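J.: Structure incoming, see below.
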Amino acid sequence: MKDEDSIALITGGARGIGRATALAYARKGCHVAIADLHDDDAQGVVEEIERIGQRALYLHCDVSDSDSVASMMTGVKQEFGQLDYACNNAGIEGDQAPTADSSLENFDRVMAVNLRGLFICMGEELALMLERGKGSIINVASIAGLIGFPKLPAYCASKGGVVQLTRTAAIEYAEQGIRINAVCPGAVQTEMIDRITGKKADVVEQFRNMHPMKRMATPEEVANTIVWLSCKEASFITGQAIAVDGGYVAA
Ligand SMILES: NC(=O)c1ccc[n+]([C@@H]2O[C@H](COP(=O)([O-])OP(=O)(O)OC[C@H]3O[C@@H](n4cnc5c(N)ncnc54)[C@H](O)[C@@H]3O)[C@@H](O)[C@H]2O)c1
């Protein structure tokens, strides 16, 4: 089902899952705004969206900074005047160390981007969506928000928080026509997973094999779920955290 001329916003849209999601929304017929820190990569995504035939807007934004998010949303409002879909995808993995060896600085940084940043973005997005009494938000959590992973305590805590923020906001705004869901990917072939595995063959193999499907996801597989879950096809689904994980959590 095409979704002509709706407006989609994706944070962290310059790379990885965010880039694939921006392109998937454009193919669905949406005009797309992306927010990120990487201006060059973002410009490349803007050009790809325009080649698909849709309008595209890039806004430099640090999601952990409330002023930056406010001016990003002003940019969306000025360019498009409305917001139909928002995908809060920007995130970082932080350092890898067991809890007792993890620095407070790392904990604060990961929480600031993944949880506080997402909270700031959701607040701004909801305000714009409430003006029209419709909209749909997808938060990118992780299977690390559903189960524990050694050496990623801040990341797991932040993603668990994203799942709970999603459930809470979903029930708060259900009557006002706004659906809010989360996706929880397993390992996805992006630069983030390259950083986590260090591209070491044995570690990559281990990551593949931890999924019952014996492989990682492509960014497009996660993007397709995000677009489906946000659009009319999923119109009675809200407050869910959907694993896109090749069976990992089921096992
Ligand atoms: N790759 C995986 O295996 C995996 C698995 C589960 C969940 N996720 C989640 O999916 C999301 C996307 O991950 P990815 O793998 O595409 O990562 P990535 O590192 O490839 O891309 C992340 C994007 O977010 C942007 N970003 C980071 N911090 C930002 C900030 N403060 N403000 C604005 N933009 C910022 C980056 O510039 C980059 O473009 C993240 O939330 C991540 O936690 C990833």
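J.: Mind checking the per residue accessible area of the chain for me, 1.4 Å probe, whole number of Å²?
T.: Roughly 45 Å² per residue, with all protein chains present.
J.: Let me ask you something else. Just the ratio, please: alpha-carbon radius of gyration of the stretch 115-226 over 2.2 N^0.38 Å, N its number of residues.
T.: Scaled against compact globular proteins, the figure is 1.22.
J.: So, one more: For the stretch 100-181, what D do you get in µm² per second when you plug the Kirkwood radius from alpha-carbon pairs into Stokes-Einstein at 37 °C and 0.692 mPa s?
T.: The diffusion coefficient I find is 244 µm²/s.
J.: Run the 1.4 Å probe and let me know the accessible area of Ile17, rounded to the nearest 10 Å².
T.: Ile17 exposes around 30 Å² with every protein chain in place.
J.: Let me ask another. So the label point goes 7 Å from the Cα of Glu131 along Cα→C-beta, right? Which residues of the stretch 57-79 then have their backbone N under 16 Å from it?
T.: Residues 70-79 fall inside that zone.
J.: Still on this model: Using Stokes-Einstein with the Kirkwood hydrodynamic radius over Cα pairs, what translational diffusion coefficient do you get for the stretch 1-80 at 20 °C and a viscosity of 1.002 mPa s, in µm²/s rounded to a whole number? Mind showing how you got there, number by number?
T.: Working: Rh = 12.2 Å.
This corresponds to a translational diffusion coefficient of 176 µm²/s.
J.: How much mean residue ellipticity at 222 nm does the chain get from its helices, if each DSSP H run of length 4 or more adds -39500 (n - 2.57) and you divide by all residues, to the nearest 500 deg cm²/dmol?
T.: Calculated from helices alone, the mean residue ellipticity at 222 nm is -14500 deg cm²/dmol.
J.: Roughly speaking, what is the stretch gain from Gln43 to Glu205, that is 0.36 nm per residue apart minus the C-alpha to C-alpha distance, in nm to one decimal?
T.: Once the chain is fully extended between Gln43 and Glu205, it gains 55.0 nm.
J.: Quick check on packing: order 154-166, 63-75, 214-226 by the mean number of other C-beta atoms within 10 Å, highest mean leading.
T.: Details: 154-166: 21.8, 63-75: 18.2, 214-226: 19.9.
In descending order of packing, they fall as 154-166, 214-226, 63-75.
J.: Please state, as a whole number in µm²/s, the translational diffusion coefficient that the Stokes-Einstein equation yields for the chain at 25 °C and 0.890 mPa s, with Rh defined as the Kirkwood radius across alpha carbon pairs.
T.: The diffusion coefficient I find is 136 µm²/s.
The values are calculated or read from the model by the stated rules, or taken from the named source; none is laboratory data. What you see is a predicted model; the values in this text were computed from it and never measured. All Cβ positions, even for glycine, are placed from backbone atoms using ideal geometry, and neighbour counts span all protein chains on display. Ligands, DNA and RNA are excluded from the accessible area calculation, which covers all protein heavy atoms including side chains. Shrake-Rupley method; radii C 1.70, N 1.55, O 1.52, S 1.80 Å.
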